Ligand code: GLU
């Protein structure tokens, strides 16, 4: 598959915890199977795919049989350590079915903030993995990133940083919401989905209510901040509902799906 200009693209896809896990913290098998199938197909069509996957903490607390997402740091870190294995085991198994090779990259804020050697190493490794045809899967290194100095904090921001770093064409944030609405659709049933945002004005920023889901970390405000970062670096960003992974086909072809934030392309 090619986009509307007949080109293949470099696409960063961020999958949120609410897309990957049931409220119990256990894996949503049907969902992850379909996601891996669609991403494999996009890769077969010639697109480069980089996956930023949340879900380590949720998968870990599910596997450790804890009753809910932990709130204290050591239990979160322990859950992430367990869950990251489970996540990569699952991705490895599913992508291998479609003959794709996955690679795990775990990073923290000091690895990529402010340039420097570690960011360069990260960038070089990522580019080499793409040249080698591998599918990089990135998450925050939750077992060592604990505070505002070491942690990026949410994977919407991490995905935006990765998109800018590798000059991707498109970032897709798959979440438990269809896109950006004119008001909070949970409290305003007549709220309308906004299909295209060309400028992220203060009025657009004010549409975020900041709330994350019970399982994950981000909310609409982290997504809008990600959009601001990504569009000003020249890439498009789309927020779409991860419950429908086949939307990725429409998004890659530039067709309407979710909310698209248009890149601010520099005039030549
Ligand atoms: N790194 C966290 C995890 O894998 C998720 C962060 C987020 O949801 O934004 O559980």
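Condition check: within 22 Å of residue 241 (Cβ to Cβ), assigned to a loop (DSSP other than H, G, I, E, B) and modelled with pLDDT under 95. Does residue 23 satisfy that?
So residue 23 passes the test.
Working only within the range 127-152, note down all residues that are touching a strand residue (DSSP E or B) at 6+ places or on another chain (Cβ under 6 Å) and away from the ligand (no atom under 16 Å from the Cβ).
129, 130, 134, 135
Looking only at the range 26-67, how many residues end up being within 15 Å of the ligand (Cβ to nearest atom), in contact (Cβ under 8 Å) with a residue 24 or more places away in the chain and not in a helix (DSSP H, G or I)?
8
Here are 169, 190, 156: which of them is under 27 Å from residue 255 (Cβ atoms), surrounded by 15 or more Cβ atoms within 10 Å (Cβ to Cβ) and away from the ligand (no atom under 16 Å from the Cβ)?
Just a single option satisfies the conditions, and that option is 169.
Which residues, taken from the range 88-112, are within 16 Å of the ligand (Cβ to nearest atom) and in contact (Cβ under 8 Å) with a residue 60 or more places away in the chain?
Across the range 88-112, the qualifying residue is only 90.
The values are calculated or read from the model by the stated rules, or taken from the named source; none is laboratory data. In this text, all values refer to a predicted model and were calculated from it rather than measured experimentally. Positions of Cβ are backbone-derived with ideal geometry, glycine not excepted, and every protein chain shown enters the neighbour counts.
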